[in-house]
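Written below as structure tokens is the structure these notes are about.
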Amino acid sequence: MEMLLRPQSGPTSAVDLAAAYPWPPGRSWVRAMMVTTLDGAATGPDGLSGSISSAGDQQVFAETRRLADVVLVGAGTVRTERYQPLRAEPAALDERLSIGLAVAPRLVIVSASLQLPWTDPVFGESAVRPLIFTVGDCDTTALAVARKHAEVTVLPGSQVDPVAVLDHLTSLGLFRVVCEGGPRLLADLAKANVVDEADISIAPLIVGGGQKVTGSAMLKPNRFMLVHSIVDDGYLFNRYVTS
């Protein structure tokens, strides 16, 4: 890990983002990706993360996904952000195939209610069929609808266990996981101590609304090590890994 200790700085256009956001070989790795304002908001006044993003943030966002197996999100994020179909950029396709990855990252959604925007193109036009994890006591009618649009895995209990989700993904050979939120899903992964990397984009904005409560505080916070900070147009892109 010594190679990760060299901080990097400068605008995103001057940084080799592929080298700045590597995937460790031969192991499962969970990468948490989020953008936040100076006052801790995850979205702008319109309720969307895009309104607090920037061109540089979008470059970093694309790189964190580029060679991923999975984009993991909560149902609320899918309903709010209205994801576009997941497909690899043409420039990344050959590299993905050369290292044994699928043609694109797979969208994986955690949803207890299975109330999702089924008519959105992300379900019918993604390069790989989305996968949904839900709970054992989910509504049977909603489950039947979900299975028309995605592969569905039912886990026991009334809450989706993030460790069980990751174990199932590993069993499918899906090791590189980018979790894009929402905040509650990120908090659940953090409490389960399964986050290996946190890529936090800090927007130079104060929007009001502040932080979102995601449950009770952890008794013992997880410690991370700062790998780099990239500065672009006032935005700060920090990469942390578990120490």
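Bear in mind these aren't lab numbers, they're just calculated from the coordinates by the rules spelled out. The model shown is predicted, which means the values in this text are computed figures rather than measured ones. With ideal geometry, Cβ positions are generated from the backbone for all residues, glycine too; neighbour counts draw on all protein chains shown.
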Next on the checklist: Can you tell me how many residues within segment 194-243 are assigned to a loop (DSSP other than H, G, I, E, B), under 16 Å from THR36 (Cβ atoms) and touching a Phe, Trp or Tyr at 6+ places or on another chain (Cβ under 8 Å)?
Outcome noted: 1
Checklist outcome for this item: Over segment 79-129, the set of residues in a loop (DSSP other than H, G, I, E, B), under 19 Å from THR64 (Cβ atoms) and not small (Gly, Ala, Ser) is TYR83, GLN84, PRO85, LEU86, ARG87, GLU89, ILE99, LEU101, VAL103, PRO105, VAL128
Checklist entry - What number of residues within segment 50-75 are touching a Gly at 6+ places or on another chain (Cβ under 8 Å), surrounded by 17 or more Cβ atoms within 10 Å (Cβ to Cβ) and in a helix (DSSP H, G or I)? => result 1
Item to check | Restricting segment 154-183 to residues that are closer than 21 Å to TRP29 by Cβ and either among the β-branched types (Val, Ile, Thr) or over 19 Å from the mean Cα position of the chain (by Cα) (or both), the residue that is surrounded by the fewest Cβ atoms within 10 Å (Cβ to Cβ) | outcome: SER171
Checklist entry - For the subset of segment 24-42 comprising residues that are touching an Asp or Glu at 6+ places or on another chain (Cβ under 9 Å) and β-branched (Val, Ile, Thr), which member is farthest from ILE200 (Cα to Cα)? => result VAL30
Item to check | Residues (touching a Lys or Arg at 6+ places or on another chain (Cβ under 7 Å), within 24 Å of GLU63 (Cα to Cα) and not β-branched (Val, Ile, Thr)) located in segment 197-233 | outcome: GLU197, ASP199, HIS228
